[in-house]
1. Kindly state, as a whole number, the per residue volume in cubic angstrom of the convex hull around the alpha carbon atoms of region 81-238.
2. Rounded to a whole number, what % of the accessible area of the chain do carbon and sulfur atoms account for, probe 1.4 Å?
3. With every atom except the alpha carbons ignored, what do you get for Rg and Dmax of region 687-733, in angstroms?
4. If the chain between MET680 and ARG315 were fully stretched, how many nm would it gain, using 0.36 nm times the residue separation less the Cα-Cα distance?
5. If all Cα-Cα distances of region 277-331 are sorted into 5 Å bins from 0 onward, what percent lands in each bin, rounded to whole numbers?
6. On average, how much accessible surface per residue is there in region 643-733, in Å², for a 1.4 Å probe, leaving out ligands, DNA and RNA?
7. Once you have all Cα-Cα distances for region 131-177, histogram them in 5 Å bins from zero and send the whole-percent values.
8. Please give the contour-minus-distance gain from GLN399 to MET1: 0.36 nm per residue of separation, less the Cα-Cα distance, rounded to one decimal in nm.
Amino acid sequence: MNTYFRIAIPTPLRRYFDYLAPVHSQSKQPQAGVRVKVPFGRQTLIGILLEIVHETDVPAKKLKPIIEVLDERPVFDTELLQLLRWCSLYYHHPIGEVMQNALPVKLRHGASTHIKGIGRWQLSAEGKLVNPEILKKATKQIALLSDLKNSDAGLLDSQLTENHVGWRTVMKRLQEKGWVQSIEENALPIAKASLSAPTLNSDQQHAIDRIIEQQNKGFHAYVLEGVTGSGKTEVYLQIIESIISQGKQALVLVPEIGLTPQLLDRFLQRLNGRIAIMHSGLNDEERLQAWLHTQAGSADVIIGTRSAVFSPLLRPGVIIIDEEHDLSFKQQDGFRYSARDLAVKRAHDLNIPIILGSATPSLETLHNASQNRYETLLLPKRAGNAKPPSIHLLDVRSQKMEHGVSAQLLHKMKEHLERDSQVLLFLNRRGFAPVLMCHECGWHAMCPRCDTHMTLHQSKSQLQCHHCGAEQYKPADCPKCKSEDLLQMGFGTERIEHALSELFPRYQVIRIDRDSTRRKGSMEKLLNKINNGKQQILIGTQMLAKGHHFPNVTLVGMLNADHGLYSSDFRASERMGQLILQVAGRAGREEKEGEVLIQTHHADHPLFKPLLKHDYPAFAKALIEERQQTELPPFTHLALIRAEAVDQQCPMLFLEQARLLLEKNSQNDVLLMGPFPALMERRAGRYRAQLLIQANTRKQLQSLFASQITQIENHKTAKKVRWSIDIDPLDLL
Ligand code: ADP
Ligand code: ZN
Ligand code: ZN
């Protein structure tokens, strides 16, 4: 009987490839899920063995042998292999790329799966007694020593690289003195409960009891809907504790900017167990080791961002998704999966419970709960003594504004600052001014590669495109008419920071956005400054809005909430409501009461009403009804085919063909819309277009794509574009 190896190879082709057994065959047949090295065209690539089969369509003379089998033990066990194959079918993404995406970078490139200690540095017993001051002028050593003193678990190589330039030589000095030691054997931070749990309130207790009571019944999905500061994390911690004590693993997914050092500290102080962390701040080796420990079962808790949903769990016990509504759970390029949706699917396949936590659950999740697919657990009150902040609208129509801030808001800011509190202002636009315009001739600074304005960044004297990253010097005069009268129109965080420093010279102004936190470790420093400070003004974007716990903030001002009200994106209003409540959630999280003021030109808009009363359920209900009437998700299912090319015609031509192919096979209840040029047609020098497909059921959508995808892929117009499929797209623009 002939034997062929069916391999998933990282190429954009939607298919697998068959090979012959390696020439120097081992006696043992390799298992599905191992990595193999294969010749592919003129390249050598690393793929994954999907299965061993006995028939192939490939003509015998074209078959080549595998070069080498890289693993004895599979990198993907049966469960993950199944999940990834399912992903490839559901998202219609090439199997090889799906598999590649789920592997740590080092394994993609052939690294060994041998578990090593990760470099981690700690003070020795002697070092703990040393006062860093005695090092006098050796400032680098002092800095290193002080940081080590502040970290019980020790510091990873990557953390040191972030914060201490050239730390290795400095560390060597300290090592020679016998003050530090590297501890390679403890590859994962070990949590040792040093703090005890607070006394739970009855809602928290109920949620925990309910989950623990049913934990051995297999798959069950919970929506933990708790207002900001209601103690959701506390619920997670106690569930995880129970899971660890049964010898099982807990997988915790957090949004991209949710994995703050504060959160990790909380886990380390409250749990007993080994914690694997997976996020983009780690270097490739650390990521690999965390992954291997998870696979080997030597990690009890795995905390990670989106891609951690593919963690190889040896003893799965529970999956938790914090801030489940967060957009960062959806990958927005390449393999466009939703980690939230996959986590639910995975919990189902693993037959374990899953908890979706949020103060503002997505409409999809609420809909699932209303259909009794998920069980809702409510935490309607803030934990401890904290009260919900009051939320008010500031009708800024025809009001006097100073630098985008109304007189009323400025007055309130003064009040709160004088009471020794912090004020947080939110504006979802970084840079100084979004438009630079000539007062004489009307010229605008446009990006040469995109259909959009360039944003002025004053401190760098630069124009930047926030879509393609293009940068230019700010012109001294108008490139068209040479007038020097250039107007800076609109406001970004940099401009507000500048203005507030002048308006409130006595107070420190701290800006948090992508520009001020670009350098590694800078976010941490700014957060520390905020948590140690008293009267301060914080100005920031999304980054400041989510998850953080700032005990001293009592006033939150949203400078502009209006773009969610009349957007062409049908999800914009949902996001606006979530954002308002999340931002509001930063106010008054401890004893001091909080206040939230929202500047708007549409104070009468009905969507605001429930938000002012913290009534997210009512807000969501109105939107869900609207979605039902307009036949939008979650009541219908969408897919988007995107295409782009340097030539303006090509994307439209390709999508017209795709439409014809889909139409040929589609039933009446599948709606094809477009192709249309994208809202911002040209980005980074490429023209973009899209075709939207809407169906009543996922099944219709799936079978339509399944039947036509190969024809679409092989159509000659496809060769001239870059194209992708987005199933359940979150972003339609
Ligand atoms: P969430 O995750 O819902 O925003 P957290 O779990 O971060 O809320 O809790 C908010 C704050 O309340 C934290 O400082 C936490 O330590 C505290 N907290 C949580 N539960 C209790 C409780 N039962 N009693 C007192 N304080 C609590
Ligand atoms: Zn001009
Ligand atoms: Zn651009």
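1. Cα-based convex hull of region 81-238, divided per residue, equals 230 Å³.
2. Summing carbon and sulfur atoms, their accessible area is 49 percent of the total for the chain.
3. In Å, with Rg to one decimal and Dmax whole: 11.9, 32.
4. Details: separation 365, 0.36 × 365 = 131.40 nm, distance 4.67 nm.
Stretched fully, the MET680-ARG315 segment lengthens by 126.7 nm.
5. 4, 19, 30, 24, 15, 7, 0
6. 51
7. Using 5 Å bins, I get a P(r) of 5, 22, 34, 28, 10, 1 for region 131-177.
8. Extra length available between GLN399 and MET1 comes to 134.9 nm.
The values are calculated or read from the model by the stated rules, or taken from the named source; none is laboratory data. Just so it is clear, the structure is predicted and the values come from calculations on it, not from any experiment. Quick reminder, even Gly has a Cβ in these numbers, built from the backbone with ideal geometry, and neighbours come from all protein chains shown. To get the accessible areas, we keep the full protein, side chains included, count just its heavy atoms, and leave off ligands, DNA and RNA. Shrake-Rupley method; radii C 1.70, N 1.55, O 1.52, S 1.80 Å.
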